[in-house]
Amino acid sequence: MQVLTSGHYNAHTHAVLSVDIVGSSKASDDLLDPMKTEMETLVSRSFNAVGLAPGEARHFRETGDGLMVAYPDHAVGQLCEVVFHLDHLLRTRNRYARVPMRARVAVHMGPMADNHRYHRTYITLTRLLCASTFNEAVGYWCRSDPTGDKFGAGMIVSQSVWRNVVEPFGVALVPPARCARISVTTPDFADSAWIHLPGLDAEAVLAELNPAVAVPLVFNRVSRLSTTA
């Protein structure tokens with residue numbers, strides 16, 4: 001019999017990221033596998049762009065059309081910057097593609113034991129990715145930008161990532177002023193999170209989704225989105 005000791009539960013903080021394709025279930029069957037393969041390629045290119053080797057990821061999990069990966073906690077800022085590059089790659093790709101592709105990205109930090117296969121940190125990551133307000137914001141831009149050349153990817157980060165990295169201006173490509181706070185509530189999870197839509201005003205999008213505080217949205221050359229009083 002194996003003796004259970006505290007060493008079996010020794011866990012270290014990891015930075016984790018999840019990506020999935022928006023609306024892939026609505027695609028025709030012949031597009032499903034090519035879409036997944038193409039997204040994997042674009043995600044790998046985004047990892048390389050921020051200085052992370054895709055092959056060095058830990059706790060790799062396939063999630064249908066997406067994936068979950070973990071890196072040492074010091075890589076959390078780089079994982080946050082993945083969305084910037086992925087958004088650019090997807091928007092560029094969508095300009096020439098018959099069917100647009102977009103992605104949702106979630107970033108979190110939490111403990112993970114090397115010898116475990118099921119992690120609370122990944123459960124939390126999934127709750128963030130599926131947050132209703134985040135998905136409403138993503139859906140808003142999918143409807144507003146049917147060709148996918150203005151919006152390619154959106155990101156949600158956990159409170160721990162916000163406090164430790166984003167809010168203190170630790171991620172150059174994700175300025176705090178371009179993020180918006182939301183509440184994430186499920187039967188087994190409740191916390192604040194922050195969403196970021198590269199090149200777009202996340203606060204204005206949330207206001208547009210809430211008629212009580214709606215702010216009209218207009219495009220400009222610099223950020224692709226601005227608000228008017």
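The values are calculated or read from the model by the stated rules, or taken from the named source; none is laboratory data. If you're wondering where the values come from, they're calculated on a predicted model, not measured in any experiment. Please note: Cβ atoms are built from the backbone with ideal geometry, for glycine as well, and neighbour counts cover all protein chains shown.
Scanning the range 64-89 for residues that are in a strand (DSSP E or B) and under 20 Å from Gly139 (Cα atoms) turns up just one, Gly66. Given the structure, is Val215 modelled with pLDDT of 95 or more and of a type in the set (A, V, I, L, M)? In short, no. Within the range 127-151, if we keep just the residues that are touching a strand residue (DSSP E or B) at 6+ places or on another chain (Cβ under 7 Å) and farther than 17 Å from Leu209 by Cβ, the residue that is surrounded by the most Cβ atoms within 10 Å (Cβ to Cβ) turns out to be Leu128. Evaluation of Pro198 against the conditions (1) assigned to a loop (DSSP other than H, G, I, E, B); (2) without any contact (Cβ under 8 Å) to a residue 60 or more places away in the chain shows that the sole unmet condition is (2).
Surrounded by fewer than 18 Cβ atoms within 10 Å (Cβ to Cβ) and either among the small types (Gly, Ala, Ser) or more than 13 Å from the chain's Cα centre (by Cα) (or both), is that true of Arg91? Judged against the criteria, Arg91 is not a match. Among the residues of the range 111-124, none qualifies, meaning not one is closer than 21 Å to Gly51 by Cα and touching a residue at least 12 places away in the same chain (Cβ under 8 Å). Checking Ser44, Ser24, Ser18 one by one, the residue that is under 23 Å from Arg102 (Cα atoms), among the polar types (S, T, N, Q) and without any contact (Cβ under 8 Å) to a residue 24 or more places away in the chain is Ser44 and no other. Is there a residue in the range 56-66 that is of a type in the set (Ser, Thr, Tyr) and at pLDDT below 95? Yes, the range 56-66 has at least one match. Right, Ser223: closer than 21 Å to Leu17 by Cβ, among the hydroxyl-bearing types (Ser, Thr, Tyr) and either part of a loop (DSSP other than H, G, I, E, B) or modelled with pLDDT of 95 or more (or both) or not? Spelling it out, it is not the case that Ser223 is closer than 21 Å to Leu17 by Cβ, among the hydroxyl-bearing types (Ser, Thr, Tyr) and either part of a loop (DSSP other than H, G, I, E, B) or modelled with pLDDT of 95 or more (or both). Within the range 49-63, the set of residues being farther than 14 Å from Val16 by Cβ and in a loop (DSSP other than H, G, I, E, B) comprises Val50, Gly51, Ala53.
What is the residue count in the range 90-106 for residues that are outside any loop (DSSP other than H, G, I, E, B) and more than 17 Å from Val138 (Cβ to Cβ)? Residues flagged as outside any loop (DSSP other than H, G, I, E, B) and more than 17 Å from Val138 (Cβ to Cβ) within the range 90-106 amount to 2. Limited to the range 11-42, what total is found for residues that are part of a strand (DSSP E or B) and among the acidic types (Asp, Glu)? Count: 1. Met68 meets the conditions (1) more than 18 Å from the chain's Cα centre (by Cα); (2) under 26 Å from Ala193 (Cα atoms) in every case but one. The failed one is (1).
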